[in-house]
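First comes the structure, then the notes that go with it.
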Amino acid sequence: MIGSIRKHSNWLWAIIVTAVISSFVIWSDARGGRNSFDFGGSDFGKLYGRPITRDQLLKARTAAAVDEALRGGRARGASADNERQVAELMVLQAKVKEMGIQVSDDAVGKYLRENFKDPNTGTFNYDAFIQNLRQRSRIDEATFLEHIRQQVAIQHLVETVGAASRLVTPREVESDYRRDNERWVTKAALFSVSNRVASITAKPEDLSKFYSNRIAYYRIPERSVLVYVRFDATSHIAEAEAMIAKEPGFTNRLEEFYKQRGADTFRDENEKVLSKDAALRKIRDEAASQGALGLARQEAVRFNDELGSLTNVTASSFAMTAAKLKVPLRSTTPFRAGERIVGLESVQALPQRVAGLNAETPYTEPLDGEGFVVIPMLQTKLAPEIPSFATVRERVLQDYKMDRARAAAREAGEKFQATATVGLSSGKRFADIASAEKASVVAVPEFTTAAQNVAGLDSRLNLYLVRNAATSAKLNGVSRYTESTDGGFVLYLEKKEPVSNEAVNKALPAALIEARQQRRMSVFQSWFSSEFQKSGALAAKTPSTLSGVPPAQ
């Protein structure tokens with residue numbers, strides 16, 4: 001499926017094929033679950049020692065839901081992140097009220113124009129925006145405007161708390177700018193490991209000793225083997241397409257969705273806008289794929305229910321269940337904890353779930369992969385073992401050569417650093433010293449201490465290491481030998497090019513604004529961290545444990 005449609009697949013599934021979804025199994029923990037909201041009770045915890053009211057909590061939850069919708073998603077429901085966000089919003093809203101911060105309609109209008117304008121035209125079509133927001137997320141105009149008013153109030157809170165940022169002076173910013181933007185001119189003498197490997201020879205006794213000294217390194221840790229059943233969405237494409245064909249009004253909903261999102265939304269792999277017919281076909285294909293995955297989940301749930309009816313699930317009973325339901329049984333190659341599980345790489349939750357499997361809980365609930373659903377079971381665990389020298393001899397030989405070559409590169413680099421330090425102090429040129437020592441020297445593109453990347457930097461050099469080496473060297477001097485991926489290097493600091501006064505004067509106004517913004521956020525974050533701890537908000541009954549407060553719509 002094309003990426004431009006995949007970005008909107010959640011909306012597509014919710015808006016276009018609502019009726020089709022109802023025919024499928026809605027995915028949940030197949031071993032049973034419960035609604036997070038039981039609509040009873042009134043104790044929502046305390047904030048700053050005072051009981052949290054239903055309105056307080058609903059206001060924060062609504063703000064979190066609107067924020068999610070404005071970012072292009074849907075309400076995330078109960079999760080650690082969502083609980084934290086609701087708790088933080090309750091504290092922010094409480095402090096806004098405590099400080100008496102009021103927001104005018106003009107401030108709201110200005111915020112809307114600045115943050116929701118069309119990037120191409122620079123204008124903001126308020127009516128069209130509200131209509132689209134209501135259609136795709138059921139957020140009404142009043143709720144949206146209240147959310148924006150809260151956002152502006154929180155901005156005022158940040159400004160109030162972070163007022164100390166105004167103490168950042170132009171002189172201080174200028175000094176920092178000059179320091180961060182002076183250009184460093186350097187050269188690097190490289191000492192390669194790979195160029196030395198071929199010349200390394202090893203006696204049998206040297207290899208044997210090398211292996212004995214590092215035997216723990218060659219130890220094979222405990223490994224696991226899984227058996228699993230897999231339910232592919234592709235097996236259900238025809239069934240999903242048949243269900244779509246029977247769905248009344250499906251074509252009309254396709255048209256409505258296409259019109260709502262706009263023709264420019266749907267593009268091919270080359271970012272070329274698709275024709276209407278092509279876009280509708282792609283949307284329909286996406287719906288069929290999602291429906292097929294839903295049917296695969298349904299099949300996985302049936303298998304999971306069959307396992308749940310057994311009193312004791314073993315590898316044998318797992319295999320018998322697969323045979324009974326005519327599902328092929330598969331197995332993995334042995335893998336270590338945290339290691340990639342071949343064939344199941346797209347099941348993102350699998351490594352963590354496998355780590356918790358044991359005799360009492362030998363299998364997981366169905367897990368989603370890329371276009372399939374899988375139920376894995378722990379078949380066996382292979383005990384750690386120490387391989388014999390004979391079985392790993394070739395690996396030991398390569399490791400020995402790399403170790404000796406790295407040591408030789410380090411010795412040559414440290415010798416060169418000492419020679420270059422003496423030579424430069426006596427007036428010799430770095431190029432002449434490098435030539436006499438037959439060192440391989442590369443020019444390093446000019447860089448600043450603030451640079452995150454440098455075009456043209458030799459692939460054997462790492463900018464972070466180069467920058468650190470430069471800061472430790474004196475002008476017309478060299479750094480210590482620095483280890484790198486292929487050996488190491490000694491850096492020669494030739495000079496530092498200062499920033500011109502013209503460049504400083506041009507950049508200073510923007511740099512001053514940025515520095516004050518950073519200081520303001522730093523002050524505010526420090527203050528808010530303290531306030532959040534004092535508030536006790538995290539101990540409150542936030543979404544996953546709430547009763548009596550329905551999810552914001």
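List of remarks:
- Scanning segment 383-427 for residues that are part of a helix (DSSP H, G or I), exposed (fewer than 15 other Cβ atoms within 10 Å of the Cβ) and among the polar types (S, T, N, Q) yields Thr391, Gln398, Ser425.
- Residue in segment 475-487 that is of a type in the set (Gly, Ala, Ser), in the same structural domain as Phe430 (by TED's automatic domain parsing), part of a strand (DSSP E or B) and on the phi > 0 side of the Ramachandran plot present: yes
- Residue list for segment 402-446, restricted to those being within 38 Å of the chain's Cα centre (by Cα) and within 25 Å of Tyr217 (Cβ to Cβ): Met402, Asp403, Ala405, Arg406, Ala407, Ala409, Arg410
- Selected residue (criterion: farthest from Gln290 (Cα to Cα)) from residues of segment 242-280 that are more than 29 Å from the chain's Cα centre (by Cα) and among the hydroxyl-bearing types (Ser, Thr, Tyr): Ser275
- Put simply, of Ala300, Ala292, Ala359, Ala323 the only residue that is without any contact (Cβ under 8 Å) to a residue 12 or more places away in the chain, closer than 30 Å to Ala242 by Cα and assigned by TED's automatic domain parsing to the domain that holds Tyr228 is Ala323.
- Candidate set: segment 88-106, residues that are in contact with a strand residue (DSSP E or B) (Cβ under 9 Å, 6 or more places away or on another chain) and surrounded by 20 or more Cβ atoms within 10 Å (Cβ to Cβ); chosen: the one nearest to Gln533 (Cα to Cα): Val91
- Restricting segment 315-357 to residues that are surrounded by fewer than 12 Cβ atoms within 10 Å (Cβ to Cβ) and small (Gly, Ala, Ser) leaves a set whose member that is nearest to Val227 (Cα to Cα) is Ser316.
- Set Glu269, Glu339, Glu286, Glu299: member being of a type outside the set (Ser, Thr, Tyr) and in contact with a Lys or Arg (Cβ under 8 Å, 6 or more places away or on another chain): Glu286
- Cross-chain or 6+ apart pairs with Cβ under 8 Å, segment 502-514 first and closer than 14 Å to Glu172 by Cα, then of a type in the set (Val, Ile, Thr): Leu508/Val173; Ala511/Val173; Leu512/Val168; Leu512/Val173
- Residues that are more than 20 Å from the chain's Cα centre (by Cα) and among the small types (Gly, Ala, Ser) were ranked within segment 318-352; the one that is nearest to Tyr218 (Cα to Cα) is Ala337.
- Residue under evaluation Arg353, criteria (1) in contact with a Ser or Thr (Cβ under 8 Å, 6 or more places away or on another chain); (2) touching a residue at least 12 places away in the same chain (Cβ under 8 Å); (3) not in a helix (DSSP H, G or I); (4) not polar (S, T, N, Q), criterion not met: (3)
- Matching residues, segment 121-150, being among the polar types (S, T, N, Q), farther than 22 Å from Tyr258 by Cα and out of contact with any helix residue (DSSP H, G or I) (no Cβ under 7 Å at 6 or more places or on another chain): Thr121, Thr123
- Members of segment 301-317 that are assigned to a loop (DSSP other than H, G, I, E, B), modelled with pLDDT of 90 or more and of a type outside the set (A, V, I, L, M, F, W, C): Ser309, Thr314
- Residue that is of a type in the set (A, V, I, L, M, F, W, C) and free of Cβ contacts under 8 Å to residues at least 24 places away in the same chain, where the choices are Val347, Val422, Val392, Val374: Val422
- Residues of segment 485-506 satisfying the condition of being among the small types (Gly, Ala, Ser) and more than 14 Å from Ala412 (Cβ to Cβ): Ser500, Ala503
- In segment 213-255, the residues that are more than 30 Å from Thr333 (Cβ to Cβ) and polar (S, T, N, Q): Asn213, Thr251, Asn252
- Within segment 257-285, being in a helix (DSSP H, G or I), surrounded by fewer than 16 Cβ atoms within 10 Å (Cβ to Cβ) and modelled with pLDDT of 85 or more holds for Lys276, Asp277, Ala278, Arg281, Asp285.
- So Lys438, is it assigned to a loop (DSSP other than H, G, I, E, B) and either of a type in the set (D, E, K, R) or not assigned by TED's automatic domain parsing to the domain that holds Leu491 (or both): yes
- Residue satisfying all of: in segment 434-476; without any contact (Cβ under 8 Å) to a residue 60 or more places away in the chain and of a type in the set (Val, Ile, Thr); surrounded by the fewest Cβ atoms within 10 Å (Cβ to Cβ) among these: Thr471
- Meets criteria (part of a loop (DSSP other than H, G, I, E, B) and either surrounded by 13 or more Cβ atoms within 10 Å (Cβ to Cβ) or not assigned by TED's automatic domain parsing to the domain that holds Arg429 (or both)) for Leu491: no
- Residue list for segment 410-466, restricted to those being of a type in the set (Val, Ile, Thr) and in contact with a Gly (Cβ under 6 Å, 6 or more places away or on another chain): Ile433
- Residue identified as out of contact with any His (no Cβ under 9 Å at 6 or more places or on another chain), surrounded by 15 or more Cβ atoms within 10 Å (Cβ to Cβ), more than 17 Å from Val185 (Cβ to Cβ) and outside the structural domain of Ala405 (by TED's automatic domain parsing) among Ser522, Ser535: Ser535
- Given (1) assigned to a helix (DSSP H, G or I); (2) surrounded by 16 or more Cβ atoms within 10 Å (Cβ to Cβ), index of the condition Glu514 fails: (2)
- Leading residue by the ranking (farthest from the chain's Cα centre (by Cα)) among those in segment 358-371 that are assigned to a loop (DSSP other than H, G, I, E, B) and surrounded by 15 or more Cβ atoms within 10 Å (Cβ to Cβ): Pro362
- Residues in segment 120-158 that are loosely packed, with under 14 Cβ neighbours inside 10 Å and touching a residue at least 24 places away in the same chain (Cβ under 8 Å): Gln135, Arg138.
- Those helices (runs of 4 or more DSSP H) of segment 159-247 in which 2 or more residues are basic (Lys, Arg) and surrounded by 12 or more Cβ atoms within 10 Å (Cβ to Cβ) occupy 170-181.
The values are calculated or read from the model by the stated rules, or taken from the named source; none is laboratory data. Here the structure is a predicted model, which is why all the values come from computation and not from measurement. Every residue, glycine among them, receives a Cβ derived from its backbone with ideal geometry; neighbour counts consider all protein chains shown.
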